[in-house]
Amino acid sequence: MRRALTGRIARRLYQAVGVLLLAFTAAFLLLQTMPGDALLIRFENPELGLSPEQIAELRTAYGADRPVVVQFFHTLGAFLTGDFGYSVQSGTSVRTLVAEALPQTAVLALVSFVTAVVVAFGIAFASSYRRFAWIADVLRAVPSLFVAVPVFWLGIMLIQVFSFQLGWVGVINPEPVEGLILPVLTIAVPISAPLAQILVRSIDQVSTSPFVAVVRAKGASWSWVLWRNVLRNAMLPALTMAGILFGELIGGAVVTETVFGRAGIGRITEQAVSNQDTPVLQAVVLLAALIFVVINLIVDLVYPLLDPRLRTRR
């Protein structure tokens with residue numbers, strides 16, 4: 001069993017490295033095909049007063065005068081050593097920019113994810129109790145409504161209602177906790193929807209299993225069966241979806257941080273896209289891929305803990 005688990009971990013690690021390499025290659029090639037030259041756009045500005053020779057020296061410093069293949073391997077080697085280069089727009093180290101912005105986004109993503117999980121489990125549990133059937137039916141329709149709400153529209157509506165109309169939450173120079181409330185709701189509502197849908201279906205499916213009928217026939221209450229038997233078996237598909245959704249939080253943070261003016265990864269990504277700042281974009285794409293891969297690797301490794309049948313499967 002230990003050998004099977006070790007082999008499973010090794011395969012997942014190889015796959016994770018392969019996914020990261022593919023993500024880096026795809027991001028590099030796509031950024032190379034972007035129209036225009038970010039360095040020329042930045043340094044040929046007449047206000048800077050740079051001569052053609054000085055611009056040529058800057059292109060050499062950034063490695064833009066080398067062949068694409070050489071740039072690829074040079075950038076890949078630098079990334080492997082933690083050197084992400086320098087921002088074309090500000091001249092600041094990309095590693096410094098990411099390090100300053102990442103804590104803001106990490107806090108937002110983690111709190112949003114925990115909130116989404118709590119909302120999803122609340123909907124799934126409440127809708128599994130059939131004593132009040134009409135309430136359960138209403139709750140089962142809520143995820144479909146949540147998933148149809150655009151993130152940017154929800155953020156604007158929350159600001160309009162809770163800040164401007166009711167005055168409950170400030171959006172101009174708010175306290176740290178207060179400044180998280182509306183962005184967290186903006187991300188958590190659409191994230192909770194697919195998680196709740198899968199959890200509701202999984203609970204329904206497991207509830208019809210013969211072993212559940214046997215336990216209920218022995219006199220166990222539905223609450224006891226739900227917590228002790230049904231939930232553990234219904235967790236696997238929801239866990240897979242949770243890993244995918246958490247990996248997508250960086251993408252959701254781009255829109256949310258732009259709407260709420262938060263200084264996080266989303267903000268520097270939006271600025272990098274506007275300025276064609278390829279070193280920053282390359283680092284953000286690889287960071288998002290790394291988070292996605294690590295989360296899904298953890299999910300894969302947690303599977304055998306929830307389902308003992310997977311511990312011996314290669």
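The values are calculated or read from the model by the stated rules, or taken from the named source; none is laboratory data. Computed from a predicted model, the values in this text were never measured in an experiment. In this analysis, Cβ positions are derived from the backbone assuming ideal geometry, glycine residues included, and neighbour counts consider all displayed protein chains. Surface areas here come from the heavy atoms of the whole protein model, side chains and all, with no ligands, DNA or RNA. Shrake-Rupley method; radii C 1.70, N 1.55, O 1.52, S 1.80 Å.
Quick notes on this structure:
- Number of residues in region 78-103 that are open to solvent by 50 Å² or more (accessible area, probe 1.4 Å) and hydrophobic (A, V, I, L, M, F, W, C) equals 4.
- Annotation note: Cβ proximity below 8 Å between a residue of region 285-305 that is open to solvent by 50 Å² or more (accessible area, probe 1.4 Å) and a residue that is among the small types (G, A, S) and assigned to a helix (DSSP H, G or I) (sequence gap 6+ or interchain) occurs for V285/A23; V285/A27; F292/G247; V294/A16; I298/G243.
- The test for being of a type in the set (A, V, I, L, M), in contact with a Phe, Trp or Tyr (Cβ under 9 Å, 6 or more places away or on another chain) and under 30 Å from E57 (Cβ atoms) holds for V94.
- Residue ID - farthest from V254 (Cα to Cα), chosen from residues in region 129-166 that are modelled with pLDDT under 85 and not in a helix (DSSP H, G or I): R131
- Selected residue (criterion: surrounded by the most Cβ atoms within 10 Å (Cβ to Cβ)) from residues of region 20-56 that are farther than 16 Å from A283 by Cα and among the hydroxyl-bearing types (S, T, Y): S51
- Filtering L180, L226 for residues that are modelled with pLDDT of 80 or more, closer than 28 Å to A288 by Cα, surrounded by 18 or more Cβ atoms within 10 Å (Cβ to Cβ) and not aromatic (F, W, Y) leaves a single hit, L180.
- Filtering region 114-134 to residues that are hydrophobic (A, V, I, L, M, F, W, C) and open to solvent by less than 70 Å² (accessible area, probe 1.4 Å) leaves A116, V117, V119, A120, F121, I123, A124, F125, A126, A133.
- Boolean, T75 is in contact with a Pro (Cβ under 9 Å, 6 or more places away or on another chain) and open to solvent by less than 50 Å² (accessible area, probe 1.4 Å): yes
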